[in-house]
1. For Ser188, Ser263, what's the fewest-to-most ordering of other Cβ within 10 Å of each Cβ?
2. Can you tell me what percent of all Cα-Cα pairs in the range 288-443 are more than 26 Å apart?
3. Compute the Rg to Rh ratio over the chain from the alpha carbon atoms, using the Kirkwood formula for Rh, and round to two decimal places.
4. Report, to the nearest 10°, how far helix 284-320 tilts away from the longest principal axis of the Cα atoms in the chain, using its own Cα long axis and a range of 0 to 90°.
5. Name the residues whose placed amide hydrogens come within less than 5 Å of the amide hydrogen of Leu237, ignoring near sequence neighbours (fewer than 5 apart) on the same chain.
6. Can you sort Phe289, Phe391, Phe79, Phe49 by how many other beta carbons sit within 10 Å, fewest first?
7. Neighbouring Cβ atoms within 10 Å as the yardstick, rank Thr486, Thr119, Thr573, Thr242 fewest first.
8. Please identify the GluC sites (Glu not before Pro) of the range 503-573 that satisfy two criteria: DSSP loop assignment and at most 16 other Cβ atoms within 10 Å. Which are they?
Amino acid sequence: MLQYKAPLRDIRFVMNELLESEALYQRLPGYEEASQDLMDAIVEEGAKFAENVLSPLNQSGDDEGCTWKDGVVTTPQGFPEAYQQFVDNGWPALSADTEYGGQGLPNLLGIIVNELAGTANWSWLMYPGLSHGAIKTIEEHGDEEQKQKYLTRLIEGSWTGTMCLTEAHCGSDLGLLRTKAEPQADGSYAISGTKIFISAGDHDMAENIVHIVLARLPDAPPGTKGISLFIVPKFKLTDDGTVGERNSVHCASIEKKMGIKASATCVLNFDGATGYLIGPPNRGLNAMFTFMNTARIGTAIQGLAHGELSYQGALAYARDRLAMRSLTGPKNPDGPADPIIVHADVRRMLLTQKALVEGSRAFLYYLAQKGDILDAGSEKEAKAADELLAFLTPIAKAFVTETGYEAANLGLQVYGGHGFIKEWGMEQIVRDARIAMLYEGTTGIQALDLIGRKVLGSGGKLLMGFTDLVGAFCDEHAGEADAEFTSVLKCYKDDWLELSLKIGEKAMQNPDEAGAAAVDYLMYSGYVTLAYFWARMAVLARQKIAAAEGDTSFYEAKLMTARFYYERLLPRTLSHKQALLSGSDNLMTMPEALFDVAG
């Protein structure tokens with residue numbers, strides 16, 4: 001059975017050395033207590049919980065799955081007990097508002113703890129994980145009464161939260177949703193409709209579940225401009241705020257899925273359920289974006305998590321498995337064969353995993369820090385952070401989940417035929433990772449958002465906000481020692497801007513050009529973005545080696561991995577560039593009838 005071991009050295013490198021978190025939080029109002037010692041201690045405790053409590057439940061949870069009977073969902077053995085321990089230890093409150101019982105620590109720490117827990121057992125993390133988005137939405141858009149009623153219980157973890165968007169006839173096109181909200185005399189609303197694919201929509205791990213639901217008022221305009229947002233608890237609340245009678249929302253079934261089988265994905269029927277408007281009428285989609293952006297970064301963490309777990313399994317196996325001899329002579333002369341880690345192709349797979357995982361970690365922790373600046377920085381800092389998050393979030397969600405899935409598959413490949421066998425645990429990682437490219441907006445949806453809204457829609461402003469940072473870094477480190485990275489990165493930065501301009505010009509003549517280029521453009525953007533973070537890590541590693549600070553071998557590995565990324569993975573951009581410049585004709589000119597081969 002795979003046993004997760006938290007990569008604490010790399011986590012601390014990114015958190016403390018690369019991003020200099022202590023220095024940032026000492027100057028951000030409200031985060032002054034986040035010293036390096038405190039952050040290290042929290043991460044270490046999170047690692048223990050992930051390794052000792054959650055990891056042993058990962059494969060057993062997959063085997064057992066969730067069960068549904070007479071509208072009641074039961075989670076796998078050990079899951080409720082692990083959740084109660086999670087609550088008792090105060091983890092749900094880590095990054096939440098102190099006014100409602102939270103600990104007020106940086107969002108970065110919450111992201112790191114989610115990585116630890118999710119790598120150990122992603123299915124389990126789905127239950128508390130969605131509560132973060134519900135908390136953020138109520139914090140930002142709820143009135144004081146709603147905050148008092150719901151936030152304290154969500155933050156302490158005795159209640160969990162969900163996001164109820166999807167309906168059977170509409171996935172990402174929320175303008176088509178039909179769920180209705182009828183005003184009631186007491187100021188509440190009767191919510192009626194069916195939502196599907198609701199992660200943690202029902203379970204036996206918390207005493208109440210707070211559903212955040214999109215629905216239409218009777219006089220709502222059509223499309224996305226007529227959507228409102230509602231709080232719908234599984235159990236209604238009594239006058240003193242405690243759990244009362246059951247609300248008219250029930251789980252009709254749970255989905256039979258490819259992966260994350262220990263996470264209950266529910267069909268929920270709202271039959272005149274009592275709900276409460278959150279935010280202004282017909283502005284629900286705007287409020288929901290608070291939830292969705294939080295969820296998208298959380299989903300990007302899933303790509304990182306599955307890549308990390310697969311890498312750990314593949315590396316251990318490659319060191320132990322004996323097969324053939326090295327082409328340059330025996331490396332294990334006393335044994336019948338050499339460990340497969342000596343073979344070039346196995347190293348290609350392992351280094352690809354390592355480069356994608358460690359680059360993604362730096363990228364996502366950077367975004368988490370920007371979230372903290374958005375919350376607590378000066379007006380100027382917050383505005384810059386908001387613009388960077390708007391631009392980089394679709395890249396993070398799509399690129400990190402795509403490459404995380406690649407890393408998961410490579411781990412299975414290292415095992416050969418054993419990877420295809422369930423007992424080793426590698427095939428579960430592949431199955432579990434696959435959903436990350438679908439929910440919270442597919443790769444294609446994220447790509448359209450990036451190129452349509454964020455790049456072309458802003459006239460290139462958001463793109464240039466990031467490429468200016470990249471350019472400034474390259475100029476600062478243009479000396480001979482670091483030029484192997486920064487000179488290459490600067491060329492890619494310039495090419496990125498030029499490609500964006502070309503797509504914009506073509507899209508003005510034919511809007512299909514943007515859609516045709518979108519996914520290749522996003523993947524190109526992702527590889528260049530990761531190149532920026534690898535350049536930063538390489539420059540820092542070289543400085544540490546020169547100063548003889550810390551573990552030299554760790555920093556040497558960073559430099560070597562950076563070179564691998566630049567020489568082996570970054571050139572993938574060339575094929576994406578050629579594809580996106582090929583235009584829309586090769587996609588759009590074929591008549592629909594010619595797609596049919598059945599006749």
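None of the figures in this text is laboratory data; all of them are computed from the coordinates on show. Please read all numbers here as calculations on a predicted model, not as lab measurements. In this analysis, Cβ positions are derived from the backbone assuming ideal geometry, glycine residues included, and neighbour counts consider all displayed protein chains.
1. On the way: Ser188 19, Ser263 30.
Ranked by crowding around the Cβ, least crowded first: Ser188, Ser263.
2. Details: 4669 of 12090 pairs.
In whole percent, the share of Cα-Cα pairs in the range 288-443 beyond 26 Å is 39.
3. Details: Rg = 24.4 Å, Rh = 25.2 Å.
With Rg and the Kirkwood Rh in hand, the quotient comes to 0.97.
4. 40
5. Under 5 Å from the amide H of Leu237 lie the amide H atoms of Gly244, each far enough along the sequence or on another chain.
6. Values: Phe289 12, Phe391 23, Phe79 26, Phe49 20.
The fewest-first ordering by Cβ neighbours comes to Phe289, Phe49, Phe391, Phe79.
7. Numbers: Thr486 25, Thr119 30, Thr573 21, Thr242 11.
Ascending Cβ contact count within 10 Å gives the list Thr242, Thr573, Thr486, Thr119.
8. On the way: sites: Glu505, Glu513, Glu549, Glu556, Glu567; in loops: Glu549.
Loop-located and lightly packed - Glu549.
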